[in-house]
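The values are calculated or read from the model by the stated rules, or taken from the named source; none is laboratory data. From a predicted model like this one, the values you see are computed outputs, not experimental measurements. FYI the Cβ positions are ideal-geometry reconstructions off the backbone, even for glycines, and counts take in every protein chain you see. Remember, those area values only see protein heavy atoms, side chains included, never the ligands or the DNA or RNA. Shrake-Rupley method; radii C 1.70, N 1.55, O 1.52, S 1.80 Å.
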2 protein chains.
Amino acid sequence: MKKTFTLGKLAATITLATAALSTGLGSMAVSAQPTLSEAEFDKATELYFQRCAGCHGVLRKGATGNNLEPKETLKKGQERLEKIIAWGTEGGMNNFDDIFNEEEISLLATFIQMEPPVPPEMSLQMMKDRTKQYVALEDYPTKPLHGRNWKNFFVVIERDAGQAAIIDGDKHEIVAHIDTGYAVHVIKGSENHKTDKNDDTVGRFWYTIGRDGKVNKIDLWQTPDKMLVAETQMAYDARDIAVSGDGKYVIAGGYWPPHFVIMDGKTLEPLKVVSSRGINVDGEYVNEARVAAIYTTPNEPTWIVAIKELGQMWQVDYSDIANLRIEQMDTAKFLHDGFFDPSGRYFQIAANASNKMVVVDTKERKLEKMIDVASLPHPGPGANWVDKECGPVGGTTHLGIGEVSVWGNDPIKHADQAWKLCYTVQTDGAGVFIRTHPDSQYVWADQLKHPEPEIQQSVQVFDKDTREIVKTIRVTEEEGKAALHMEFNQDGSEVWVSVWNRADASNPTGEIVVYDSETLEEITRIKGLTTPTGKFNVYNRMNHKT
Amino acid sequence: MKKTFTLGKLAATITLATAALSTGLGSMAVSAQPTLSEAEFDKATELYFQRCAGCHGVLRKGATGNNLEPKETLKKGQERLEKIIAWGTEGGMNNFDDIFNEEEISLLATFIQMEPPVPPEMSLQMMKDRTKQYVALEDYPTKPLHGRNWKNFFVVIERDAGQAAIIDGDKHEIVAHIDTGYAVHVIKGSENHKTDKNDDTVGRFWYTIGRDGKVNKIDLWQTPDKMLVAETQMAYDARDIAVSGDGKYVIAGGYWPPHFVIMDGKTLEPLKVVSSRGINVDGEYVNEARVAAIYTTPNEPTWIVAIKELGQMWQVDYSDIANLRIEQMDTAKFLHDGFFDPSGRYFQIAANASNKMVVVDTKERKLEKMIDVASLPHPGPGANWVDKECGPVGGTTHLGIGEVSVWGNDPIKHADQAWKLCYTVQTDGAGVFIRTHPDSQYVWADQLKHPEPEIQQSVQVFDKDTREIVKTIRVTEEEGKAALHMEFNQDGSEVWVSVWNRADASNPTGEIVVYDSETLEEITRIKGLTTPTGKFNVYNRMNHKT
């Protein structure tokens, strides 16, 4: 069963937003405007939603991308807009001529000169109606039903297939492809902070969040055909998910509607919805205030929820969801993704429109500090290690520049270095992901955002002690492919790098390349994957090794 | 300077909400619909905003009143709608034929069949631009500039004049009429929970909130001509205001935009805006989720904020407004107004669509209990006293029935009676306000909601021990006038009752009638007031006597 992405229900209830109508009069002054047929408008709505809304917003108010309301786009006109979509801009917009054909580019250029359709809300009841149990709770196995070492499984996003692959890390074998939501952004494992980290149930359940708001629960103890055990939908557009430290709840964040939803960790039954619409750090109301990222705090009974357009970090306490405690911290725009320091107390997150790393103190539940860094920080899973001079440090790649920023992150024992830039490493190209492991001498950075194929296909590795790049690894040389996202295996002996089959995204022609983490030599290639993206090693993610 | 209420800025920026347009097409199917000229539409918008929006909402989704969107109103049609507006309904809507003329009724009946205009947002910067100091902080007097006993002043809302009267309680003299916002709903005094209640600055400053969102600061130490010391505007439509326990901040709640604003208690400079839009207790998103009431918690550094349409009580901590802590408690719809128990720990508030009194434990910051009571509870300032059988009790009047509900409110020493209905008192008519005083044997209830003039003009007094009504006092016999709202003076020897000149609201023909609190005999009448409504005795309000 291959899932196709459809906006059917969405399109059916779409209504036109406020247009250039004169106030309350029966007569309506409609100027000569770009028009589309209903079918064209629906197609453009779907294309825009899939490829443009992430940066520009469904209401097109702009965030990471520019404002695309008619007041801005009509000034540019059809021809100029088509060129921008096809070729991108110096301001950071990608070229889309390898993703859209000419007709689609023309359609989108017209569409964005028209008033944006406002997607509908989604009530708690609608989410409940979409909740399914594929395996009844009483039928869950009491021990793994296969002989594999599931603690070294990798759960891998197959972005454009709407699937997650389960890969046996010991054997480098694909165990299953599991149907999930469309273009899964993140997958998080079940936790239990109160028990021994070696508690057998920790990391057993994994929760996927699709771009389409679908949440799927995966049971790694099951046989491959039954690993998908439950499903729901909590939004039309979503990005992140997390599990509570006691494993009791799952929380997922919506781009649209802008809200987060707390679900039962066992059944995915939605329990509570909280709006993220609010007033941003500049004092202005934002209707499309999206939940960019959600993380479980290791030491507190809370989640950290990043409200992108508000520039606010919310710390949400799950001890008593009927009397929900939230700290709303004013930080900086636009919050994107982040990671904890090794103590688990401090959360370091990119505010990419402000070129800052924001640090939250989850113990005091307040903003700790903001660190100025280079253009568009984006750490992905992030990296922490120990620098000889600065002590414990964290690092991030940047979407805007080929640089890794490294800052001190131990305010207790290295107060002088804490939350100050320690050093930077120049890489060949702007990247999206950085990664290391406590037992490794090296830090890995990808260069996915560089326009040149050779650089986009290479990752760079630098030494924690010398701070120098020791190797540039060309992960693939095939046309239309790019290298991204690194993940260590259970014992830290291997580094897995994804090869994205961007130009052939509907076929399983992507792969994961496995490297020896010491010699940096290739070990093997795991083939048969469709646009493999984020990879989550069960043991590493559950032990918060970065 | 007489203030007139204008929606000028509002109307100028009004845009039409989503209409019955087909999805994204150039052609628009507009059916034959009721129409108004632009001038008529603007007038109807203003009338609706002043008189209808309070119950039906500016977006007309309904709350206390019915949904008035075209999908509902078009079915009824012009003639039926005019009759409803003129005569009211059995369901609880007032008759408006004594407030609107025939032309206005016709206008409104047409207006509510058209799509509701959506009022604009209000940014923090807009509020800052509207902030004024009439008296510079350095010019504030260091001691009272008059010889009057200002602790027995009454600050009195003159509703339809857009003013507040300052009345000398010792001398029964009007000291000043101060220009405020339109139709002030509530006035709150400066507090300082950390100091002795007899600290001379406690109760010195009073903050008014107008229906039009205007906030005015009054200094009772000033000479009458300079008592108005600062002003701002924090919404287009607002209802309540409160001061922090340390006197540092003022908070006001908006009906539109739906938000609350934290201001500097000294200058009224707006500091922070928080949206109250959210998901209600039924799991549905509410755009117009209005802040109905805000109170300072006596024992915690917090405010209690009632989000009417969400059915949520928010406890907002002002210790660190940059990292704002809020507990969002699921309770019941639609929250209206309430009062503390004598300990100051429990807050008792009416959920009038659920016929419940909701009790919040402000120490634990959670819902304590919900008490089922009769139709549409409305306590106004509320009343606490000691019942011989049930121990400490609280009581409320009801908008929907001539009854006072009385419940136990001491869960520590009278756990068996706590949060259970103790007894009810039948009155002649449904009322809005209840009031008593610790030194008084009696509880007073008005009957403002009863349609018969004789009952509307009478208040009833019952004995705390016998639970029986001991006197029905006809406060006025003049046509077009009604009796409402009671307040005790500083030493508890007098009870002041307002006489509303409803039919002659643009002239100062209202009055306050002063009664002896023991003999229940009339002492005097204070004349020259325009629609006197809520009255706030400085000493009583600062000492939380109810």
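Of note:
- Verdict on A:Gly395 being more than 28 Å from B:Ile321 (Cα to Cα) and more than 14 Å from chain B (Cβ to nearest Cβ): yes
- Residue satisfying all of: in segment A:33-47; open to solvent by less than 30 Å² (accessible area, probe 1.4 Å) and part of a helix (DSSP H, G or I); farthest from A:Ser354 (Cα to Cα) among these: A:Phe41
- Those strands (runs of 3 or more DSSP E) of segment A:450-509 in which 1 or more residues are farther than 28 Å from A:His177 by Cα and among the aliphatic types (A, V, I, L, M) occupy A:458-463, A:469-474.
- Residue match in segment A:193-205 (condition: touching a Leu at 6+ places or on another chain (Cβ under 8 Å), outside any loop (DSSP other than H, G, I, E, B) and open to solvent by less than 10 Å² (accessible area, probe 1.4 Å)): no
- Scanning segment B:418-427 for residues that are part of a strand (DSSP E or B) and polar (S, T, N, Q), we see that the one that is most open to solvent (accessible area, probe 1.4 Å) is B:Gln426.
- Residue within segment B:428-447 that is farther than 25 Å from B:Val497 by Cα, surrounded by 24 or more Cβ atoms within 10 Å (Cβ to Cβ), touching a residue at least 60 places away in the same chain (Cβ under 8 Å) and of a type outside the set (Asp, Glu) present: no
- The residues of segment A:223-232 that are crowded, with 24+ Cβ neighbours inside 10 Å and not aliphatic (A, V, I, L, M) amount to a single one, A:Thr232.
- A:Ser458 meets all of the listed conditions (1) open to solvent by less than 70 Å² (accessible area, probe 1.4 Å); (2) in contact (Cβ under 8 Å) with a residue 40 or more places away in the chain; (3) not basic (Lys, Arg) but one, namely (2).
- Single residue of segment B:48-91 satisfying the filter (among the hydrophobic types (A, V, I, L, M, F, W, C) and either open to solvent by 60 Å² or more (accessible area, probe 1.4 Å) or within 14 Å of chain A (Cβ to nearest Cβ) (or both)) that is farthest from B:Val286 (Cα to Cα): B:Trp87
- Restricting attention to segment A:350-378, the residues that are out of contact with any His (no Cβ under 9 Å at 6 or more places or on another chain) and in a strand (DSSP E or B) total 13.
- Qualifying positions in segment A:135-152 - touching a residue at least 12 places away in the same chain (Cβ under 8 Å) and either surrounded by 24 or more Cβ atoms within 10 Å (Cβ to Cβ) or more than 26 Å from the chain's Cα centre (by Cα) (or both): A:Val135, A:Leu137, A:Tyr140, A:Pro141, A:Lys143, A:Pro144, A:Leu145, A:His146, A:Arg148, A:Asn149
- Selection count where residues are within 19 Å of the chain's Cα centre (by Cα) and farther than 14 Å from A:Leu448 by Cα, scope segment A:495-511: 2
- Filter result (part of a strand (DSSP E or B), touching a Pro at 6+ places or on another chain (Cβ under 9 Å) and either open to solvent by less than 10 Å² (accessible area, probe 1.4 Å) or without any contact (Cβ under 8 Å) to a residue 12 or more places away in the chain (or both)) within segment B:283-327: B:Tyr285, B:Val291, B:Ile307
- Test set (1) at the interface with chain A (Cβ under 9 Å from one of its Cβ atoms); (2) touching a residue at least 60 places away in the same chain (Cβ under 8 Å); (3) more than 20 Å from A:Asn287 (Cβ to Cβ) - B:Tyr346 fails condition number: (1)
- Residue check for B:Gly492: surrounded by fewer than 20 Cβ atoms within 10 Å (Cβ to Cβ) and either more than 19 Å from the chain's Cα centre (by Cα) or not β-branched (Val, Ile, Thr) (or both): yes
- Residue check, B:Ser354 over 30 Å from A:Thr302 (Cα atoms), of a type in the set (Ser, Thr, Tyr) and open to solvent by 10 Å² or more (accessible area, probe 1.4 Å): yes
- For segment A:391-400, the tally of residues that are out of contact with any Asp or Glu (no Cβ under 6 Å at 6 or more places or on another chain) and open to solvent by less than 10 Å² (accessible area, probe 1.4 Å) stands at 5.
- Total residues in segment A:264-282 satisfying the condition of being out of contact with any Pro (no Cβ under 8 Å at 6 or more places or on another chain) and facing chain B (nearest Cβ under 7 Å): the figure is 4.
- Failed item in (1) surrounded by fewer than 16 Cβ atoms within 10 Å (Cβ to Cβ); (2) outside the structural domain of B:Thr73 (by TED's automatic domain parsing); (3) assigned to a helix (DSSP H, G or I), with B:Met126 passing the rest: (1)
- Test: B:Lys333 is of a type in the set (D, E, K, R), out of contact with any helix residue (DSSP H, G or I) (no Cβ under 9 Å at 6 or more places or on another chain) and within 13 Å of another protein chain (Cβ to nearest Cβ): no
- Segment A:512-546 - residue that is polar (S, T, N, Q) and more than 19 Å from the chain's Cα centre (by Cα) and, of those, surrounded by the most Cβ atoms within 10 Å (Cβ to Cβ): A:Ser517
- Some residue of segment B:382-389 being closer than 19 Å to B:Ile294 by Cα, away from chain A (no Cβ under 14 Å), open to solvent by less than 10 Å² (accessible area, probe 1.4 Å) and assigned to a strand (DSSP E or B): yes
- When A:Asp330, A:Asp372 are checked against the criterion of being closer than 29 Å to B:Gly311 by Cα, at pLDDT 95 or above and surrounded by fewer than 20 Cβ atoms within 10 Å (Cβ to Cβ), a single residue qualifies: A:Asp330.
- Residue within segment B:214-232 that is of a type in the set (Val, Ile, Thr), in a strand (DSSP E or B) and within 14 Å of chain A (Cβ to nearest Cβ) present: yes
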